[in-house]
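One structure below.
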Amino acid sequence: MNGVHDMGGMHGMGPVQPEQDEPVFHHRWEARVFALVRAMGKFGRWNIDAHRHQRELIPAAEQLRMSYYERWLAGFSGLLVRHGFLSAEELATGRPVEDASVAGSARLSPALPADKVPAFIASGSPASRKSASAPRFRAGQRVRARNLNPTGHTRLPRYARGKTGIVDRVHGVFVFPDTNAHFLGEHPQHVYSVRFEARELWGDAAAPQDSVHVDLWESYLEAG
Amino acid sequence: MPSDPALRVMALESLLVEKGLVDPQALDALIEAYEHRIGPHNGAKVVAKAWQDPGYKARLLTDAGAAIAELGFGGLQGEHMVAVENTPTVHNLVVCTLCSCYPYPLLGLPPVWYKSAPYRSRAVIDPRGVLREFGLELPAETEVRVWDSTAELRYLVLPQRPAGTEGMSEAQLASLITRDTMIGVALVQTPSGAGAR
(Lines give C-alpha, C1' and ligand atoms only; values in the text may rest on other atoms or scores of the structure.)
Protein backbone atom coordinates (compact mmCIF):
# COMPACT_ATOMS: atom_id res chain seq x y z
CA MET A 1 0.00 0.00 0.00
CA ASN A 2 1.16 3.52 -0.71
CA GLY A 3 1.26 4.41 2.99
CA VAL A 4 3.26 6.85 5.09
CA HIS A 5 5.41 3.95 6.31
CA ASP A 6 7.06 3.99 2.86
CA MET A 7 9.26 6.96 3.71
CA GLY A 8 12.23 6.71 1.39
CA GLY A 9 12.83 10.03 -0.36
CA MET A 10 10.34 12.13 1.62
CA HIS A 11 11.22 15.61 2.86
CA GLY A 12 9.90 17.57 5.80
CA MET A 13 10.54 15.05 8.59
CA GLY A 14 13.11 17.25 10.33
CA PRO A 15 16.73 16.58 11.28
CA VAL A 16 18.01 13.26 12.58
CA GLN A 17 18.36 13.51 16.34
CA PRO A 18 20.79 10.97 17.78
CA GLU A 19 20.65 10.57 21.55
CA GLN A 20 23.81 10.17 23.61
CA ASP A 21 24.01 7.05 25.81
CA GLU A 22 20.56 5.96 24.73
CA PRO A 23 18.97 3.20 26.85
CA VAL A 24 17.70 0.07 25.08
CA PHE A 25 14.17 0.96 26.25
CA HIS A 26 13.06 4.43 27.37
CA HIS A 27 10.12 3.15 29.43
CA ARG A 28 9.36 -0.20 31.07
CA TRP A 29 6.20 -0.55 29.01
CA GLU A 30 8.28 -0.45 25.80
CA ALA A 31 10.32 -3.40 27.07
CA ARG A 32 7.13 -5.27 28.04
CA VAL A 33 5.42 -4.71 24.68
CA PHE A 34 8.57 -5.75 22.81
CA ALA A 35 8.73 -8.96 24.86
CA LEU A 36 4.98 -9.62 24.58
CA VAL A 37 5.12 -9.40 20.79
CA ARG A 38 8.07 -11.79 20.67
CA ALA A 39 6.59 -14.24 23.17
CA MET A 40 3.23 -14.36 21.38
CA GLY A 41 5.01 -14.74 18.04
CA LYS A 42 5.90 -18.23 19.30
CA PHE A 43 2.40 -19.46 18.45
CA GLY A 44 2.95 -18.85 14.74
CA ARG A 45 -0.59 -17.50 14.30
CA TRP A 46 0.74 -14.53 12.39
CA ASN A 47 4.04 -13.80 10.69
CA ILE A 48 6.47 -10.90 10.45
CA ASP A 49 4.87 -9.66 7.24
CA ALA A 50 1.38 -9.62 8.78
CA HIS A 51 2.78 -7.86 11.82
CA ARG A 52 4.37 -5.17 9.65
CA HIS A 53 1.21 -4.78 7.61
CA GLN A 54 -0.93 -4.42 10.74
CA ARG A 55 1.22 -1.42 11.68
CA GLU A 56 0.94 0.02 8.17
CA LEU A 57 -2.85 -0.05 8.56
CA ILE A 58 -2.76 2.43 11.45
CA PRO A 59 -4.29 5.67 10.05
CA ALA A 60 -1.52 7.78 8.53
CA ALA A 61 -1.79 10.82 10.78
CA GLU A 62 -1.70 8.63 13.90
CA GLN A 63 1.21 6.60 12.55
CA LEU A 64 3.31 9.73 12.15
CA ARG A 65 2.43 10.93 15.64
CA MET A 66 3.08 7.61 17.39
CA SER A 67 6.39 6.37 18.72
CA TYR A 68 7.82 3.09 17.45
CA TYR A 69 6.58 1.03 20.39
CA GLU A 70 3.18 2.75 20.34
CA ARG A 71 2.86 1.46 16.78
CA TRP A 72 3.93 -1.98 17.98
CA LEU A 73 1.30 -1.85 20.72
CA ALA A 74 -1.43 -0.84 18.28
CA GLY A 75 -0.45 -3.48 15.71
CA PHE A 76 -0.11 -6.18 18.36
CA SER A 77 -3.51 -5.41 19.91
CA GLY A 78 -5.10 -5.71 16.48
CA LEU A 79 -3.45 -9.07 15.81
CA LEU A 80 -4.50 -10.49 19.19
CA VAL A 81 -8.15 -9.86 18.38
CA ARG A 82 -7.94 -10.81 14.74
CA HIS A 83 -6.40 -14.18 15.63
CA GLY A 84 -8.73 -14.95 18.48
CA PHE A 85 -6.32 -14.68 21.40
CA LEU A 86 -8.49 -11.93 22.86
CA SER A 87 -12.02 -10.85 22.14
CA ALA A 88 -12.74 -7.23 21.27
CA GLU A 89 -14.58 -7.03 24.58
CA GLU A 90 -11.55 -8.25 26.51
CA LEU A 91 -9.35 -5.73 24.75
CA ALA A 92 -11.79 -2.94 25.52
CA THR A 93 -12.35 -3.81 29.17
CA GLY A 94 -9.02 -5.39 30.06
CA ARG A 95 -10.92 -8.18 31.82
CA PRO A 96 -10.91 -11.82 30.72
CA VAL A 97 -14.22 -13.26 29.58
CA GLU A 98 -15.08 -16.91 30.04
CA ASP A 99 -16.07 -17.69 26.50
CA ALA A 100 -15.32 -20.91 24.68
CA SER A 101 -15.48 -19.12 21.34
CA VAL A 102 -12.29 -17.23 22.20
CA ALA A 103 -9.51 -19.38 20.82
CA GLY A 104 -6.68 -18.25 23.05
CA SER A 105 -6.27 -20.56 26.01
CA ALA A 106 -3.42 -22.13 27.91
CA ARG A 107 -4.69 -25.57 26.95
CA LEU A 108 -4.55 -24.87 23.23
CA SER A 109 -1.49 -22.67 23.32
CA PRO A 110 1.01 -23.24 26.14
CA ALA A 111 3.03 -20.12 26.85
CA LEU A 112 6.69 -19.75 25.90
CA PRO A 113 8.55 -20.78 29.08
CA ALA A 114 11.43 -18.62 30.37
CA ASP A 115 13.97 -21.41 29.98
CA LYS A 116 13.17 -21.69 26.27
CA VAL A 117 13.88 -17.99 25.59
CA PRO A 118 17.60 -18.37 24.72
CA ALA A 119 16.82 -21.12 22.19
CA PHE A 120 13.90 -19.09 20.85
CA ILE A 121 16.20 -16.11 20.20
CA ALA A 122 19.03 -18.27 18.82
CA SER A 123 16.88 -20.13 16.32
CA GLY A 124 15.12 -17.06 14.96
CA SER A 125 12.66 -17.44 12.16
CA PRO A 126 14.39 -17.89 8.80
CA ALA A 127 12.47 -16.56 5.79
CA SER A 128 14.54 -18.45 3.23
CA ARG A 129 13.02 -21.49 1.58
CA LYS A 130 14.45 -24.38 -0.38
CA SER A 131 13.58 -24.22 -4.04
CA ALA A 132 14.66 -25.93 -7.20
CA SER A 133 13.64 -22.98 -9.35
CA ALA A 134 16.43 -21.17 -11.15
CA PRO A 135 16.71 -17.41 -10.66
CA ARG A 136 15.34 -15.47 -13.63
CA PHE A 137 18.02 -12.79 -13.35
CA ARG A 138 21.77 -12.99 -12.81
CA ALA A 139 24.31 -10.66 -11.23
CA GLY A 140 25.27 -7.88 -13.60
CA GLN A 141 21.96 -7.95 -15.45
CA ARG A 142 19.95 -4.77 -16.01
CA VAL A 143 16.47 -4.88 -14.48
CA ARG A 144 13.58 -2.49 -14.00
CA ALA A 145 11.43 -2.37 -10.89
CA ARG A 146 7.85 -2.69 -12.07
CA ASN A 147 5.41 0.12 -11.45
CA LEU A 148 3.22 -1.78 -9.00
CA ASN A 149 0.82 -0.03 -6.64
CA PRO A 150 -0.90 -2.78 -4.65
CA THR A 151 -3.34 -1.72 -1.95
CA GLY A 152 -2.07 -4.52 0.32
CA HIS A 153 1.36 -5.19 1.80
CA THR A 154 4.44 -4.87 -0.41
CA ARG A 155 8.17 -4.43 0.10
CA LEU A 156 8.75 -2.61 -3.17
CA PRO A 157 9.37 0.97 -2.05
CA ARG A 158 7.74 3.72 -4.09
CA TYR A 159 11.03 5.46 -4.84
CA ALA A 160 12.30 2.41 -6.78
CA ARG A 161 9.20 1.79 -8.92
CA GLY A 162 9.80 2.20 -12.61
CA LYS A 163 13.53 2.68 -12.03
CA THR A 164 16.31 0.74 -13.70
CA GLY A 165 19.24 -0.84 -11.89
CA ILE A 166 21.77 -3.64 -12.02
CA VAL A 167 21.45 -6.93 -10.14
CA ASP A 168 24.30 -6.88 -7.62
CA ARG A 169 23.65 -10.17 -5.81
CA VAL A 170 21.27 -13.08 -6.06
CA HIS A 171 20.28 -13.73 -2.44
CA GLY A 172 18.29 -16.94 -2.76
CA VAL A 173 14.63 -17.82 -2.32
CA PHE A 174 12.51 -16.14 0.35
CA VAL A 175 8.89 -16.03 1.51
CA PHE A 176 6.93 -13.46 -0.53
CA PRO A 177 5.61 -10.77 1.84
CA ASP A 178 2.86 -9.54 -0.50
CA THR A 179 0.95 -12.80 -0.06
CA ASN A 180 2.27 -13.95 3.31
CA ALA A 181 1.15 -10.75 5.06
CA HIS A 182 -2.42 -11.54 4.00
CA PHE A 183 -2.22 -15.26 4.91
CA LEU A 184 -2.42 -16.16 1.24
CA GLY A 185 0.59 -18.47 1.37
CA GLU A 186 4.35 -18.09 1.32
CA HIS A 187 4.84 -18.31 -2.47
CA PRO A 188 8.64 -18.14 -2.16
CA GLN A 189 10.58 -16.26 -4.83
CA HIS A 190 14.16 -15.33 -5.61
CA VAL A 191 15.32 -12.09 -4.00
CA TYR A 192 17.93 -9.83 -5.58
CA SER A 193 20.00 -6.95 -4.35
CA VAL A 194 19.52 -4.36 -7.08
CA ARG A 195 21.90 -1.44 -7.31
CA PHE A 196 20.21 1.78 -8.44
CA GLU A 197 22.38 4.76 -9.30
CA ALA A 198 21.47 7.67 -7.06
CA ARG A 199 20.94 9.79 -10.19
CA GLU A 200 18.47 7.27 -11.60
CA LEU A 201 16.42 7.60 -8.42
CA TRP A 202 16.86 11.25 -7.53
CA GLY A 203 18.09 13.11 -10.59
CA ASP A 204 21.19 15.09 -11.35
CA ALA A 205 21.54 16.66 -7.91
CA ALA A 206 22.78 13.30 -6.58
CA ALA A 207 26.48 12.44 -6.66
CA PRO A 208 27.23 10.49 -9.85
CA GLN A 209 29.06 7.67 -8.05
CA ASP A 210 26.49 7.11 -5.27
CA SER A 211 23.94 4.31 -5.26
CA VAL A 212 21.11 2.75 -3.30
CA HIS A 213 20.87 -1.04 -3.05
CA VAL A 214 17.36 -2.40 -2.62
CA ASP A 215 16.44 -6.05 -1.96
CA LEU A 216 13.63 -6.97 -4.34
CA TRP A 217 11.59 -10.09 -5.01
CA GLU A 218 11.60 -11.49 -8.54
CA SER A 219 8.00 -10.55 -9.36
CA TYR A 220 8.81 -6.90 -8.60
CA LEU A 221 11.29 -6.96 -11.49
CA GLU A 222 11.37 -7.19 -15.24
CA ALA A 223 14.32 -7.31 -17.61
CA GLY A 224 15.56 -3.76 -18.13
CA MET B 1 -8.43 -0.33 28.29
CA PRO B 2 -6.72 2.91 29.30
CA SER B 3 -5.16 5.07 26.58
CA ASP B 4 -1.91 5.64 28.48
CA PRO B 5 0.46 3.10 26.89
CA ALA B 6 2.06 2.14 30.22
CA LEU B 7 -1.30 1.26 31.76
CA ARG B 8 -2.54 -0.32 28.56
CA VAL B 9 0.46 -2.62 28.26
CA MET B 10 0.13 -3.58 31.91
CA ALA B 11 -3.53 -4.48 31.37
CA LEU B 12 -2.71 -6.40 28.19
CA GLU B 13 0.05 -8.34 29.92
CA SER B 14 -2.14 -9.32 32.87
CA LEU B 15 -4.89 -10.42 30.49
CA LEU B 16 -2.52 -12.64 28.51
CA VAL B 17 -0.91 -13.99 31.69
CA GLU B 18 -4.32 -14.72 33.19
CA LYS B 19 -5.27 -16.66 30.06
CA GLY B 20 -2.04 -18.63 30.34
CA LEU B 21 -0.73 -17.39 27.00
CA VAL B 22 2.29 -15.59 28.39
CA ASP B 23 4.77 -16.45 31.13
CA PRO B 24 5.92 -13.14 32.69
CA GLN B 25 9.29 -14.71 33.45
CA ALA B 26 9.78 -15.37 29.74
CA LEU B 27 9.14 -11.66 29.16
CA ASP B 28 11.78 -10.84 31.78
CA ALA B 29 14.22 -13.20 30.05
CA LEU B 30 13.58 -11.64 26.64
CA ILE B 31 14.12 -8.14 28.01
CA GLU B 32 17.22 -9.20 29.92
CA ALA B 33 18.69 -10.69 26.75
CA TYR B 34 18.37 -7.46 24.77
CA GLU B 35 19.27 -5.12 27.62
CA HIS B 36 22.37 -6.97 28.73
CA ARG B 37 23.46 -9.82 26.50
CA ILE B 38 22.79 -8.88 22.88
CA GLY B 39 24.19 -5.56 21.68
CA PRO B 40 26.84 -3.78 19.62
CA HIS B 41 29.63 -5.47 21.59
CA ASN B 42 28.75 -8.61 19.59
CA GLY B 43 29.17 -6.84 16.26
CA ALA B 44 32.38 -5.24 17.52
CA LYS B 45 33.87 -8.70 18.10
CA VAL B 46 33.04 -9.69 14.53
CA VAL B 47 34.60 -6.53 13.09
CA ALA B 48 37.72 -6.77 15.27
CA LYS B 49 38.25 -10.37 14.23
CA ALA B 50 37.80 -9.44 10.57
CA TRP B 51 40.46 -6.74 10.98
CA GLN B 52 42.92 -9.17 12.55
CA ASP B 53 42.25 -12.26 10.49
CA PRO B 54 42.14 -11.92 6.67
CA GLY B 55 40.69 -15.41 6.27
CA TYR B 56 37.83 -14.53 8.62
CA LYS B 57 37.25 -11.26 6.80
CA ALA B 58 36.99 -13.10 3.48
CA ARG B 59 34.46 -15.51 4.99
CA LEU B 60 32.50 -12.62 6.52
CA LEU B 61 32.22 -10.87 3.16
CA THR B 62 31.20 -14.00 1.25
CA ASP B 63 28.95 -15.73 3.82
CA ALA B 64 28.32 -13.41 6.74
CA GLY B 65 25.84 -15.75 8.43
CA ALA B 66 28.35 -18.60 8.69
CA ALA B 67 31.13 -16.23 9.78
CA ILE B 68 29.14 -14.66 12.61
CA ALA B 69 27.97 -18.13 13.66
CA GLU B 70 31.65 -19.02 14.18
CA LEU B 71 31.59 -16.51 17.05
CA GLY B 72 28.31 -17.88 18.35
CA PHE B 73 26.04 -15.14 17.02
CA GLY B 74 22.89 -15.42 14.95
CA GLY B 75 19.18 -15.98 15.33
CA LEU B 76 16.26 -13.60 15.61
CA GLN B 77 16.50 -10.78 13.05
CA GLY B 78 19.94 -11.94 11.96
CA GLU B 79 18.89 -15.09 10.16
CA HIS B 80 20.20 -13.80 6.83
CA MET B 81 23.25 -11.59 7.19
CA VAL B 82 25.29 -9.61 4.68
CA ALA B 83 28.48 -7.69 5.54
CA VAL B 84 29.52 -4.73 3.38
CA GLU B 85 33.02 -3.30 3.57
CA ASN B 86 34.08 0.32 3.85
CA THR B 87 37.27 1.08 1.92
CA PRO B 88 39.26 4.26 1.26
CA THR B 89 36.90 4.94 -1.67
CA VAL B 90 33.57 3.38 -0.62
CA HIS B 91 31.35 4.25 2.35
CA ASN B 92 28.32 2.07 3.19
CA LEU B 93 25.21 3.17 5.06
CA VAL B 94 22.33 0.95 6.23
CA VAL B 95 18.66 1.96 6.54
CA CYS B 96 15.20 0.43 6.46
CA THR B 97 12.89 2.90 4.73
CA LEU B 98 9.77 0.70 5.09
CA CYS B 99 10.00 -0.18 8.79
CA SER B 100 13.07 -0.50 11.02
CA CYS B 101 14.86 -3.73 10.07
CA TYR B 102 18.13 -4.09 11.93
CA PRO B 103 20.63 -6.90 12.68
CA TYR B 104 19.62 -7.69 16.27
CA PRO B 105 22.19 -10.43 17.02
CA LEU B 106 25.10 -8.12 16.24
CA LEU B 107 23.81 -4.67 17.19
CA GLY B 108 20.95 -5.33 19.61
CA LEU B 109 17.75 -3.31 19.24
CA PRO B 110 17.84 -0.20 17.04
CA PRO B 111 18.17 3.29 18.52
CA VAL B 112 15.24 5.69 18.22
CA TRP B 113 16.88 7.77 15.47
CA TYR B 114 17.27 4.68 13.26
CA LYS B 115 13.52 4.02 13.56
CA SER B 116 12.61 7.68 13.09
CA ALA B 117 11.04 9.35 10.06
CA PRO B 118 13.94 11.80 9.53
CA TYR B 119 16.50 9.01 9.10
CA ARG B 120 14.27 6.60 7.17
CA SER B 121 13.10 9.28 4.73
CA ARG B 122 16.42 10.94 3.95
CA ALA B 123 19.09 8.22 4.21
CA VAL B 124 18.32 7.14 0.64
CA ILE B 125 17.85 10.56 -1.01
CA ASP B 126 20.41 12.58 0.96
CA PRO B 127 22.86 10.23 2.67
CA ARG B 128 25.62 12.83 2.77
CA GLY B 129 23.32 15.34 4.45
CA VAL B 130 22.24 12.73 7.00
CA LEU B 131 25.86 11.85 7.73
CA ARG B 132 26.60 15.56 8.24
CA GLU B 133 23.96 15.55 10.99
CA PHE B 134 26.06 12.86 12.67
CA GLY B 135 29.13 15.07 12.30
CA LEU B 136 30.55 13.06 9.44
CA GLU B 137 31.56 14.99 6.32
CA LEU B 138 32.56 12.63 3.52
CA PRO B 139 34.89 13.79 0.74
CA ALA B 140 33.00 14.56 -2.48
CA GLU B 141 34.86 11.80 -4.31
CA THR B 142 33.85 9.02 -1.89
CA GLU B 143 31.30 6.57 -3.28
CA VAL B 144 28.32 6.26 -0.94
CA ARG B 145 26.38 3.00 -1.06
CA VAL B 146 23.11 2.95 0.82
CA TRP B 147 21.60 -0.44 1.69
CA ASP B 148 17.83 -0.34 2.14
CA SER B 149 16.81 -3.44 4.14
CA THR B 150 13.58 -4.07 2.25
CA ALA B 151 13.76 -7.89 2.50
CA GLU B 152 14.90 -10.29 5.25
CA LEU B 153 18.59 -9.66 4.63
CA ARG B 154 20.25 -7.76 7.46
CA TYR B 155 23.30 -5.61 6.83
CA LEU B 156 26.46 -5.05 8.86
CA VAL B 157 28.94 -2.37 7.81
CA LEU B 158 32.54 -3.52 8.18
CA PRO B 159 34.16 -0.19 9.02
CA GLN B 160 37.71 0.71 8.08
CA ARG B 161 40.40 -0.02 10.59
CA PRO B 162 41.99 3.24 11.72
CA ALA B 163 45.70 3.87 11.31
CA GLY B 164 47.76 3.53 14.46
CA THR B 165 45.98 0.42 15.72
CA GLU B 166 48.43 -2.12 14.29
CA GLY B 167 49.69 -3.35 17.65
CA MET B 168 46.27 -3.71 19.27
CA SER B 169 44.68 -6.97 20.37
CA GLU B 170 41.25 -8.03 19.14
CA ALA B 171 39.74 -7.02 22.48
CA GLN B 172 41.38 -3.59 22.33
CA LEU B 173 40.17 -3.13 18.76
CA ALA B 174 36.65 -4.21 19.69
CA SER B 175 36.52 -1.46 22.33
CA LEU B 176 36.95 1.15 19.55
CA ILE B 177 34.08 -0.16 17.42
CA THR B 178 30.76 1.53 18.14
CA ARG B 179 27.24 0.75 16.99
CA ASP B 180 27.19 3.80 14.73
CA THR B 181 30.30 2.66 12.84
CA MET B 182 28.56 -0.63 12.01
CA ILE B 183 25.46 1.17 10.67
CA GLY B 184 27.70 3.50 8.70
CA VAL B 185 26.90 6.83 10.35
CA ALA B 186 30.33 7.18 11.99
CA LEU B 187 33.97 6.26 11.45
CA VAL B 188 36.00 4.29 13.95
CA GLN B 189 38.05 6.65 16.09
CA THR B 190 41.38 5.82 17.69
CA PRO B 191 41.77 6.67 21.40
CA SER B 192 43.71 9.80 20.35
CA GLY B 193 40.69 10.84 18.30
CA ALA B 194 42.21 10.44 14.86
CA GLY B 195 39.65 8.80 12.60
CA ALA B 196 39.96 6.78 9.46
CA ARG B 197 37.36 6.22 6.87
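Could we say that A:Arg38 is facing chain B (nearest Cβ under 9 Å) and closer than 29 Å to A:Pro110 by Cα here?
Working: facing chain B (nearest Cβ under 9 Å): yes; closer than 29 Å to A:Pro110 by Cα: yes.
In short, yes.
Go over the candidates B:Ala174, B:Ala140 one by one and state the one that is without any contact (Cβ under 8 Å) to a residue 24 or more places away in the chain and either over 19 Å from B:Met81 (Cα atoms) or touching a Gly at 6+ places or on another chain (Cβ under 7 Å) (or both).
From the options B:Ala174, B:Ala140, the qualifying one is B:Ala140.
Checking each residue in the range A:1-23 for being buried (at least 17 other Cβ atoms within 10 Å of the Cβ) and either farther than 23 Å from A:His153 by Cα or at pLDDT below 95 (or both) picks out A:Val16, A:Pro18. Scanning the range B:88-99 for residues that are surrounded by fewer than 20 Cβ atoms within 10 Å (Cβ to Cβ) and either part of a loop (DSSP other than H, G, I, E, B) or without any contact (Cβ under 8 Å) to a residue 40 or more places away in the chain (or both) yields B:Pro88, B:Thr89. Being small (Gly, Ala, Ser), within 15 Å of A:Glu30 (Cα to Cα) and in contact with a Phe, Trp or Tyr (Cβ under 6 Å, 6 or more places away or on another chain) is a property that B:Ala6 has.
When the strands (runs of 3 or more DSSP E) confined to the range A:134-209 are screened for residues that are out of contact with any Gly (no Cβ under 9 Å at 6 or more places or on another chain) and in contact (Cβ under 8 Å) with a residue 12 or more places away in the chain, those reaching at least 3 such residues are found at A:164-174, A:189-197. From the residues in the range A:158-196 that are under 19 Å from A:Glu222 (Cβ atoms) and charged (D, E, K, R), which one is nearest to the chain's Cα centre (by Cα)? Residue satisfying both the conditions and the ranking: A:Asp178. Regarding B:Tyr104, is this residue more than 8 Å from chain A (Cβ to nearest Cβ) and under 26 Å from A:Pro23 (Cα atoms)? The answer is yes for B:Tyr104. Tallying residues that are within 11 Å of chain B (Cβ to nearest Cβ) and outside any loop (DSSP other than H, G, I, E, B) within the range A:55-80 yields 16.
Might you let me know whether the range B:159-181 holds any residue that is outside the structural domain of B:Glu32 (by TED's automatic domain parsing), of a type in the set (Lys, Arg) and touching a strand residue (DSSP E or B) at 6+ places or on another chain (Cβ under 9 Å)? There is no residue in the range B:159-181 that is outside the structural domain of B:Glu32 (by TED's automatic domain parsing), of a type in the set (Lys, Arg) and touching a strand residue (DSSP E or B) at 6+ places or on another chain (Cβ under 9 Å). Exactly one residue among A:Gly185, A:Gly203 is within 14 Å of chain B (Cβ to nearest Cβ), exposed (fewer than 13 other Cβ atoms within 10 Å of the Cβ) and small (Gly, Ala, Ser), and that residue is A:Gly203.
Among the residues of the range A:81-93, those identified as part of a helix (DSSP H, G or I) and surrounded by fewer than 16 Cβ atoms within 10 Å (Cβ to Cβ) are A:Arg82, A:Ala88, A:Glu89, A:Ala92, A:Thr93. Scanning the range A:25-42 for residues that are in a helix (DSSP H, G or I), at pLDDT 95 or above and more than 10 Å from B:Leu30 (Cβ to Cβ) yields a total of 4.
The values are calculated or read from the model by the stated rules, or taken from the named source; none is laboratory data. Quantities reported herein were computed from a predicted structural model and do not represent experimental measurements. Here the Cβ is made from the backbone with ideal geometry for all residues, glycine too, and neighbour counts use every protein chain on show.
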